[in-house]
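Following: one structure in structure tokens, then a few remarks.
FYI, it's all coordinate maths here, none of it is from the lab. Remember, it's a predicted structure, so these values are computed and weren't measured experimentally. Backbone-built Cβ (ideal geometry, glycine too); neighbour counts: all protein chains shown.
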Amino acid sequence: LLLFAPKCNLAHCPNFGVHHKIYVTIFDKTDEQKRLIELLTEWGFIQHGIKKTKTGDELVFVRNFAPIFVPANPKFSYPFISANQQIFLCPIYPEYHTELFPDSILTTESPINFQENQPHRNALSKVYISRSMNRNLSPSDVIIFYRTGGYHKSVVTTIGIVESVIDGLQSEDEFVLKCRKRSVFSDEELKKHWNYNIRNRPFIVNFLYVYSFPKRPNLAKLIELGVIDGVDSAPRGFEPISKEQFKLIIKESRSNEGIIVD
């Protein structure tokens, strides 16, 4: 299935937008098949009918891939995003960037270092932890990830879409449990993040990886475009940008504008 293939995000596929529906047939006899059916429905597939075969009845599932957007559940309209939602720049350190976004690898990095199969690399659903002053994110908001590195080496690379925000957790164990496997951090590293500042506990942003920019505008270009005011204004947390600034990034990065529905 294209939707779940780790290295074939639909927004990057050559025929994206050509076919508005995808059909899947599957038996529902084994636990593995039933789990796959749960996964299909989680991503917006609905049962369309039954296909009679010599080996039994197969369930037919269908999903609409027309350019629509479902704010209440972005998985149902993935990989489409809306520019009418809140849009944020979000920093990520170089040592974590490609570990979380292997499809956004830089030309200066070696793919050999990211070949090991890890859940947080392959999953479309990922976790970002933050102590940002701005915690006013909502489901379906857009995140532009900004790989830090200085005036010339800082670049925007990746689009994500918010699934949910979890704040106000009361215990270390709960925090670790909700981040495990979809975060770049080990359990021990998560515990350190939780206890780093007891007056400002981290919160969790569950998000979907959507798209890697073909071209990555750096901080110098973002300042030139007016997306960031200056070097001292580079994002340190979730920094809101306007719809117009977002579209400047999309144009400058030579992105597939078909993923934006409005």
Tell me, in nm to one decimal, what length is gained between Gln170 and Ala72 on full extension, where the rule is 0.36 nm per residue of separation less the Cα-Cα distance?
32.6 nm
For the range 184-262, listing GluC sites (Glu not before Pro) in a DSSP loop whose Cβ sees at most 14 other Cβ atoms within 10 Å gives none
Using a simple spin-label model with points 7 Å from Cα along the Cα→Cβ vector, what separation in nm is obtained for Asn197 and Asn64?
4.5
How many nm separate the modelled label positions at Arg131 and Thr108, each set 7 Å beyond the Cα in the direction of the Cβ?
2.7
For Thr25, net neighbour charge (Lys/Arg +1, Asp/Glu -1) across residues whose Cβ lies under 14 Å away
+3
Within 13 Å, Cβ to Cβ, of Ser164, how many net charges do the neighbouring residues add up to if Lys/Arg are +1 and Asp/Glu are -1?
+2
Can you pull the percent of Cα pairs in the chain with separation above 26 Å?
45
Efficiency of FRET between Asp31 and Ala220 - r from beta-carbon atoms, R0 51 angstrom, step 0.05
0.45
Report, in listed order, any pair from Lys192/Lys215; Lys29/Lys54; Lys75/Lys243; Lys126/Lys192; Lys178/Lys243; Lys21/Lys75 with a Cα-Cα distance greater than 24 Å.
Lys192/Lys215; Lys178/Lys243
Ordered by number, the chymotrypsin sites (Phe, Trp or Tyr not before Pro) in the range 169-261 that occupy a DSSP loop and have at most 15 other Cβ atoms within 10 Å are Tyr196
